[in-house]
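Have a look at the structure below before the remarks.
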Amino acid sequence: MTTPKGLKLVERDATGVDTAFRADVLDGLAEAQKAVPARWFYDDAGSQLFEDITQLPEYYPTRAETEILRGGAKEFAELIGPGRAVVEFGSGSSVKTPLLLSAIAPSAYVPLDISGDFLRAAAADLAAKFPGLPVWPVEADFMRRVELPGEVEGLPKLGFFPGSTIGNMVARTATDLLRSMRETLGVGALLLIGMDLIKDEELLVAAYDDAAGTTAKFNLNLLHRINRELQADIPVAAFKHEARWNDTYARIEMHLVAQEDVSFSVSGQRFGMTAGESIHTENSHKFTRRTSNTLLAAGGWEPRARWTDSEERFSLLLAEARSPRSAP
Ligand code: AVJ
C-alpha cells in the first residue's frame, strides 16, 4: 500500500505476505530468547480481543485513565487552553478522545495511524461527534517524524498518547519515540501522555492474566496469525500464556511457553523449542512519578502537570517541548 505522499506502509511480496511481519518473526524466533514485537498482536482478531481486554474486571488501565480524563476537564482547559491542534498518536479511542476534545475546545484534530482502515473509521466517527471541528487524518508510522497537514502548520499543538502504549517500548525506543514526537510537534508543543503505575505484583499479573482467559487468547492469537499469514505450522495447543513481573525493568512481560518439546516451520524455516522455553511477546513497563518524569525529560519534554485516578493506579502527564538550549 502506498500513501499519496509515497510512503510505503504495508509492503507485501508476490504471495501477499507482509514482509515486515515475516522478517520480525523469522529474526525474533532465531534469537536465544525468542521474541516477536507486540505490534503484531493487532490483526482484526487481535484488535477485537484487545477491546475485550479493556472491559475485563482485572484490566484497570482503561477505566482508570478514563476516570482521569472525565475528572480533569476543568484543569485541562486551564493548562492547555483553546485553539490547539490535537495530534493523536494512534487512531483514537471512541471514549477517551471525545473527553479530551470536549474539555479543551481545539482548533483541529489530527489522528496519526499506520493502519488506514482504522484511521478513516475513527476519523469519521470523531467528525460526526464534533461537527465544525476540522479533522485531518494522516496515515503514517509515528515512530519517525511525521509531516503534518499544511492546514495545521501555524497552530499550537497538543500531542495525545493515551493508554500507556509508551510502556510497550524499552527505554531506548520510548526515548526515540518521544524525540520523534517533539520533532513532529515542534518546540512549545504540549504532550498529554498516559503511563501506568507500579503497584502490587498480584494486581499487575492479574491484569495481564485474567480469569476469563481473554488475555491468554490475545497472546495466543499471535501464533494463529503466524500460522495464517506466514505459512507456518506452530502447534498452538502446545503453548501456554504467561504474564511475569520483571522487577529489574519494572515491567509485565507476556510470554508463550512451550509445554513440551516442539518443532515447527515458518515460511520454510525450521525452529525447535524445548519444554519450558518461551517466546517473549510483550513488555508493559510501569512507572513512578519520578521514572515517568525522567523518561519524558530524556525525550526532550519538560513535565508540567500530572493526574492520577482515585486509586493511584494510572497516571496522565502533561509535558512541554523544551527549547534545546533551555537546559543548563
Ligand atoms: C495497549 C499496550 C497499553 O500493555 O496494557 C493489554 C496491551 N497487553 N493486555 C498494555 C495489553 C495485554 C496494553 N497496551
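We did not get these values from a lab; they are worked out from the coordinates using the rules stated. The model shown is predicted, which means the values in this text are computed figures rather than measured ones. All Cβ positions, even for glycine, are placed from backbone atoms using ideal geometry, and neighbour counts span all protein chains on display.
Measuring from a point 7 Å past the Cα of E183 along Cα-to-C-beta, which residues in the range 123-163 have an amide N at less than 17 Å?
Within reach of a label on E183: 140-149.
Using 0.36 nm per residue of separation minus the Cα-Cα distance, give me the extension gain between E311 and T274 in nm, one decimal.
So the chain would gain 9.1 nm between E311 and T274.
Can you tell me the 0 to 90 degree angle between the C-alpha axis of helix 214-229 and the longest principal axis of the chain, rounded to 10?
Around 70 degrees separate the two axes.
Which whole-percent values make up P(r) of the range 149-274 when all C-alpha to C-alpha distances are grouped in 10 Å steps starting at zero?
Values per bin, smallest distances first: 10, 28, 26, 22, 11, 2.
Where q = 0.16, 0.20, 0.28 Å⁻¹, what log10 of I(q)/I(0) comes from the Debye formula for the range 215-275, counting one point per Cα?
Values returned for q = 0.16, 0.20, 0.28 Å⁻¹ are -0.56, -0.80, -1.15.
Sort the range 68-108 into rounded, prolate or oblate with this rule: let a ≥ b ≥ c be the square roots of the eigenvalues of the Cα gyration tensor; rounded if a/c is under 1.5, and if a/c is not under 1.5, prolate when a/b is larger than b/c, oblate otherwise.
Since a/c reaches 1.5 but b/c is at least a/b, the shape of the range 68-108 is classed as oblate.
Show that you can apply the helix-only estimate: for the chain, add -39,500 (n - 2.57) for every DSSP H stretch of four or more residues, divide by all residues, and state [θ] at 222 nm to the nearest 500.
Calculated from helices alone, the mean residue ellipticity at 222 nm is -10500 deg cm²/dmol.
What angle do you read, to the nearest 10 degrees and between 0 and 90, between the alpha-carbon axis of helix 61-71 and the longest principal axis of the chain?
Computed tilt is about 10 degrees.
Let me see the pair-distance distribution of the chain: every alpha carbon pair, 10 Å bin width, integer percents in order.
Values per bin, smallest distances first: 5, 25, 33, 25, 10, 2.
If each residue of separation counts as 0.36 nm, what is the full-extension length gain between A45 and A124 once their alpha-carbon separation is subtracted?
In short, 26.2 nm is gained.
Within the chain, what is the longest stretch that has no trypsin sites (Lys or Arg not before Pro) placed in a DSSP loop and near at most 14 other beta-carbon atoms within 10 Å?
Longest site-free region, per DSSP loop and neighbour criteria: 146-324.
Just going by the charge dipole of the range 16-132, with Lys and Arg at +1 and Asp and Glu at -1 on Cβ, which of A32, T54, G83 is farthest out on the positive end?
Comparing the listed Cα positions along the dipole, G83 ranks first.
Looking at the calculated P(r) for the range 89-228, what percent of the C-alpha pair distances fall above 26 Å?
Summing the P(r) of the range 89-228 above 26 Å gives 34 percent of all pairs.
How many percent of DSSP beta bridges within the chain run antiparallel, rounded to 5?
Among the beta bridges of the chain, antiparallel pairing accounts for roughly 65 percent.
Can you classify the range 238-316 as rounded, prolate or oblate using the Cα gyration tensor, where a ≥ b ≥ c are the square roots of its eigenvalues, rounded means a/c under 1.5, and otherwise it's prolate if a/b beats b/c and oblate if not?
Working: a/c = 3.93, a/b = 2.51, b/c = 1.57.
Cα axes put the range 238-316 in the prolate bin.
Out of every Cα pair in the range 1-124, what percent are spaced more than 19 Å from each other?
Of the Cα pairs, 64 percent sit more than 19 Å apart.
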